[in-house]
């Protein structure tokens with residue numbers, strides 16, 4: 001069961017399958033990073049639901065233009081973080097003052113659900129969902145090496161870029177290592193084991209994996225230093241701005257301005 005979970009987790013992290021054909025895949029990663037960041041900032045700046053719906057529809061249109069299956073996209077963006085955000089916002093309908101929609105009495109305790117609280121909870125969950133959708137769309141349509149190049153182009157901190165690149169490259173290696181360890185344990189198990197033995201075995205596996213990761217990191221660092229590593233990642237991609245990049249950036253900026261205008265004109269309620 002643990003091996004199946006690791007394989008599923010690896011499949012979730014693998015994003016290269018959609019990074020070849022489509023509209024967003026042909027956009028310069030620097031322009032794409034800037035445009036997605038602009039849309040995310042506009043979604044964070046608004047306080048009503050209508051502008052958030054505009055950004056969500058924009059993300060879905062970009063998803064369809066990038067030839068990403070909508071079912072896969074919805075599953076990818078709704079399993080973890082939006083559900084967690086919904087759980088965080090769950091108390092808002094009960095603690096926000098406003099017009100009461102329902103009352104629940106438990107002896108002397110009266111619980112009231114307000115319209116304003118329900119609106120705030122919906123708005124918070126939708127904002128998180130929109131931001132996660134845009135971020136996932138950026139990752140799915142951009143090769144990781146080009147995304148790292150875009151981060152360097154915007155002068156992100158060097159240590160952040162290096163750690164991000166190394167983490168992404170080695171996470172699959174460690175997942176495969178954990179999968180082999182789990183497969184070896186299952187092949188040596190003749191009968192079912194108790195849950196205490198499973199927990200003890202899992203703890204030993206995690207400890208062994210941390211030790212192997214530390215040792216492999218030391219070897220990789222020494223190998224990089226022996227090959228002349230100076231702290232700067234080098235890439236062979238020659239990124240240039242073309243006409244479609246400017247068009248995409250202009251469309252993203254106009255959508256962001258439209259979202260902020262809807263908020264400023266109080267058209268979202």
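Key figures
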read-out	value
For 80, 62, order by how many other beta-carbon atoms lie within 10 Å, fewest first	80, 62
Region 173-224 and region 64-113: distance between their alpha carbon centers, rounded to Å	37
Which labelled figure in (1) 63, 63, 32; (2) 59, 43, 36; (3) 58, 41, 41 is Cα extents along the principal axes in Å, once derived from the coordinates	(1)
Rel. contact order, % - alpha carbon contacts under 8 angstrom, at least six apart, region 2-264	34
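No lab work stands behind these numbers, since they all come straight from the coordinates. Just so we're clear, the structure is a prediction, and the values are computed from it rather than from any experiment. A quick note on method: Cβ atoms are made from the backbone with ideal geometry, for glycine too, and the neighbour counts reach across all protein chains shown.
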